1. When the gyration tensor of the range 36-104 is built from Cα positions, what are the square roots of 5 times its three eigenvalues, in whole Å, from largest to smallest?
2. Subtract the Cα-Cα distance of ASN103 and ASP80 from 0.36 nm times their separation in residues, and report this length gain in nm to one decimal.
3. With runs of 4+ DSSP H residues as the only contributors, calculate the mean residue ellipticity of the chain at 222 nm using -39,500 (n - 2.57) per run, divided by the residue total and rounded to the nearest 500.
4. Once both axes come from the Cα atoms, what is the angle between helix 10-38 and the longest principal axis of the chain, in degrees from 0 to 90, rounded to 10?
5. With labels modelled as points extended 7 Å from the Cα through the Cβ direction, what inter-label distance (nm, one decimal) is found for VAL49 paired with ALA11?
6. Put a dot 7 Å past each Cα toward the Cβ at GLU4 and LEU69; how far apart are the dots in nm?
7. Quick one: order ASP80, ASP74, ASP21 from most to least accessible surface, probe 1.4 Å.
8. About the Cα centre of the chain, what is the dipole size in debye to 20, counting +1 per Lys and Arg Cβ and -1 per Asp and Glu Cβ, all else neutral?
Amino acid sequence: MAAELAGVEKARVELWRDFGDVFGILWQISNDQEDVLSGRNEDLLNGTVTHLQACALDTSASRSTVRILRLHADARTSRDARAELVDTLLAPVVLGRYEDDINEFRGEAHRCWTNWVATSPTCR
């Protein structure tokens, strides 16, 4: 928005927008992870679905999917359900999928940044 208000050409505004989208996703993923690792579990308490949960669902068999969804629903009011869900979210297979996604977003952020630098008159 700042680039647009500053009168930057449309193509550069789009580059900033792309970079902002990817950076925002990476920031939210980091925030979600920190919530679980800190033990606050605010997302679990308020029923927010996070990317880490999506990774758990994506790497689970159908029986496990039902269990994860049940734990997610119960986590709002049950300390035991939250603890079990956290254990599931931090399982190596889930974290592996999560890491793959983060690396993909990092690559996308790098691509956006490289495109921005390539078109910047002050960076050539």
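1. On the way: eigenvalues 70, 40, 18 Å².
Output for the range 36-104: semi-axes of 19, 14, 10 Å.
2. Between ASN103 and ASP80, full extension yields an extra 5.1 nm.
3. On the way: 7 runs with 98 residues, N = 124.
Computed mean residue ellipticity for the chain: -25500 deg cm²/dmol.
4. That helix lies at roughly 30 degrees to the long axis.
5. So the label points at VAL49 and ALA11 sit 3.9 nm apart.
6. Calculated label separation equals 3.7 nm.
7. Working: ASP80 120, ASP74 55, ASP21 90 Å².
My answer, sorted largest first, is ASP80, ASP21, ASP74.
8. Details: 14 positive and 20 negative charges, 14 e Å.
So the magnitude is around 60 debye.
The values are calculated or read from the model by the stated rules, or taken from the named source; none is laboratory data. Only a predicted model underlies this, so the values are computations on that prediction, with no experimental measurement involved. With ideal geometry, Cβ positions are generated from the backbone for all residues, glycine too; neighbour counts draw on all protein chains shown. Side chains included, ligands, DNA and RNA excluded: accessible areas come from the protein's heavy atoms. Shrake-Rupley method; radii C 1.70, N 1.55, O 1.52, S 1.80 Å.
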